[in-house]
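Chemist: Got a structure for you, written out below as structure tokens; questions coming shortly.
We did not get these values from a lab; they are worked out from the coordinates using the rules stated. All values reported here derive from a predicted model rather than from experimental measurement. Positions of Cβ are backbone-derived with ideal geometry, glycine not excepted, and every protein chain shown enters the neighbour counts.
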Amino acid sequence: MAVYGTTPEQLASIAVSTRQWASMNPRARFRELLTIDDVVSSPMQSTPLHLLDCCLVTDGAGAFVMTSAERARQLRQPPAYVLGAATCHDHNVISAMPDLTTTPGLVSGERAFKMAGIKPDDVDVLEGYDSFTITALLHLEDLGFCAKGEGGPFVADGRTAPGGQLPMNTNGGGLSYTHPGMYGMFLIVEAVRQLRGSSADRQVEGAEVAVAHGCGGMLSCTSTLVLGTEATL
Amino acid sequence: MTETAAPRPRRVEPVPTEISAPFWEATREERLVLQWCIDCDQPIFFPRDRCPGCIGSALEWRPATGRGTVYAVTVEQRPEISSVASAEPFAVALVELEEGARMMTNVVGCPPADVTVGMAVTVTWEPLSDGRHLPLFEPAG
């Protein structure tokens, strides 16, 4: 905010868009639609983050089966294929983070996209870890969906909401769906569901390429996974 | 029996380790010292066994000026650990020391909402229960 002029309202728009997705997920913890004003008038936790800028604390569990592409083709469900994957670990404590506005996603994203042979424009669905609204905004910038510092305007017009150019956190995210701590599992599960066409009311039509992007520690470590349908092979 | 409850601690007091002991011993005299990698000529904070830059072990302690600037700040409204500090909002900051290392600390001596990125600060000392001090920062001059 100090460097790029990102506003609380721009951060809040991520929570608003994510809640729109949650409204279409019957499993989501919170499904009532929000306004920007709801978010910025919710109790301040630690400036500039309000209660509704923060993820939930819930129980939850998930699982997926990983096998060879050959074997997967013989199974009952249409498989999602791993097109690219990369992990980058940087600092441990936040005081050692070289630049608070740049995460290791800059590295893991570039490597995973390169392995998959895709560009940000090719991504139909993004599942990006949203511990806080700012976390999701940093992912958008570091993965190259917009330039560094332009995440605020990028999300402000509902670009990541249902019907938007870049559907993001289509299950309702950690902000509205669930957040049992180890949220990465839910990123992958939702990315696979979208590629299988099994996301029901929140299905993104024609989703062929999905990215699951997790972040752990104190913005310390990111893993980027590019998944695709059979058609992308 | 006249036993009374121990006073509620304002801090969870840091426990020194073998590696961080020189840092804490210096705080008894309200001196701020930093570990440096001799080979990289770079300061290291928090204290470590090896240089995080070159993994070398040629480290030494040097005095720090205690001057720095606020790199980032948040005003904490709801302390996660209820035994820490007061119920009043307080400023948690990353202070970039003149030497280049960053410390997570509190900026005190002004209303927390007045602490801004880029503000010049100097070290100030909060006594701990055993004669050591905790380095905090306050607006410079």
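Chemist: What angle, in degrees between 0 and 90 and rounded to the nearest 10, separates the Cα long axis of helix A:133-142 from the longest principal axis of the Cα atoms of chain A?
Modeler: Compared with the principal axis, the helix lies near 60 degrees.
Chemist: Taking segment A:135-233, which chymotrypsin sites (Phe, Trp or Tyr not before Pro) meet the DSSP loop condition and have no more than 10 other C-beta atoms within 10 Å?
Modeler: Numbers: sites: A:F145, A:F154, A:Y177, A:Y183, A:F186; in loops: A:F145, A:Y183.
The qualifying sites: there are none.
Chemist: In peptide B:71-78, how many Cβ atoms from other protein chains are near each Cβ within 10 Å, on average?
Modeler: The mean count of partner-chain Cβ atoms within 10 Å per residue comes to 5.
Chemist: I would also like to ask the following. Using Cβ counts within 10 Å as a stand-in for footprinting exposure, how do A:E32, B:E25 rank, fewest first?
Modeler: Sorted ascending by nearby Cβ count, the order is A:E32, B:E25.
Chemist: Between B:R28 and B:D114, what is 0.36 nm times their sequence separation minus the Cα-Cα distance? Round to one decimal in nm.
Modeler: Roughly 28.0 nm would be gained on extension.
Chemist: How many Cβ atoms of partner chains, on average, are near each residue of A:139-147 if near means within 10 Å of its Cβ?
Modeler: Taking all residues of A:139-147 together, the mean is 0.
Chemist: What number, rounded to the nearest 500 deg cm²/dmol, is the helix-based mean residue ellipticity at 222 nm of chain A, given -39500 (n - 2.57) per DSSP H run of at least four residues and division by all its residues?
Modeler: -8000 deg cm²/dmol
Chemist: Take B:A21 and A:I36, extend 7 Å from each Cα along the Cα→Cβ direction, and tell me the distance between the two endpoints in nm.
Modeler: 5.7 nm
Chemist: I would also like to ask the following. So for B:H133, A:H91, fewest C-beta neighbours within 10 Å to most, what's the order?
Modeler: Sorted ascending by nearby Cβ count, the order is A:H91, B:H133.
Chemist: Using amide H atoms built 1.01 Å from N in the peptide plane, name the residues 5+ places from A:G128, or on other chains, whose amide H lies under 5 Å from its own.
Modeler: Those qualifying (amide H under 5 Å, at least 5 residues apart or on another chain) are A:N169, A:H213.
Chemist: Could you derive backbone 3J(HN,Hα) for segment A:165-174 from the dihedral phi with the Karplus parameters 6.51, -1.76 and 1.60 (θ = phi - 60°), listing whole Hz in sequence and x where the residue is Gly or Pro?
Modeler: Each residue's phi maps through the Karplus curve to give 5, 10, x, 10, 6, 6, 8, x, x, x Hz.
Chemist: Mind pulling the angle between the C-alpha long axis of helix A:8-22 and the longest principal axis of chain A? Nearest 10 degrees, somewhere in 0 to 90.
Modeler: On a 0 to 90 degree scale, this one is about 40.
Chemist: Which FRET efficiency value, to the nearest 0.05, is calculated for B:R67 and A:K148 with the Förster distance at 45 angstrom and r the Cβ-Cβ distance? Don't skip to the end; give the middle numbers.
Modeler: Details: r = 30 Å, r/R0 = 0.66.
Efficiency, rounded to the nearest 0.05: 0.90.
Chemist: Quick query: amide H of B:L134 versus all other amide H atoms, modeled in the peptide plane; which residues come in under 5 Å with a sequence gap of 5 or more or a different chain?
Modeler: Under 5 Å from the amide H of B:L134: B:E126, B:L128.
Chemist: Can you pull out the trypsin sites (Lys or Arg not before Pro) in segment A:1-71 whose DSSP state is coil and whose Cβ has at most 14 other Cβ atoms within 10 Å?
Modeler: Details: sites: A:R19, A:R27, A:R29, A:R31, A:R71; in loops: A:R27, A:R29, A:R31.
Those that pass, being in a loop and sparsely packed, are A:R27.
Chemist: Which cross-chain or sequence-distant (5 or more) residues have an amide H under 5 Å from the amide H of A:H179, H modelled 1.01 Å from N in plane?
Modeler: Residues meeting the criterion, in which the H sits 1.01 Å from N, are A:T58.
Chemist: Moving on. At a Förster radius of 22 Å, what calculated FRET efficiency corresponds to the Cβ-Cβ distance of B:M104 and A:T7, to the nearest 0.05?
Modeler: 0.30
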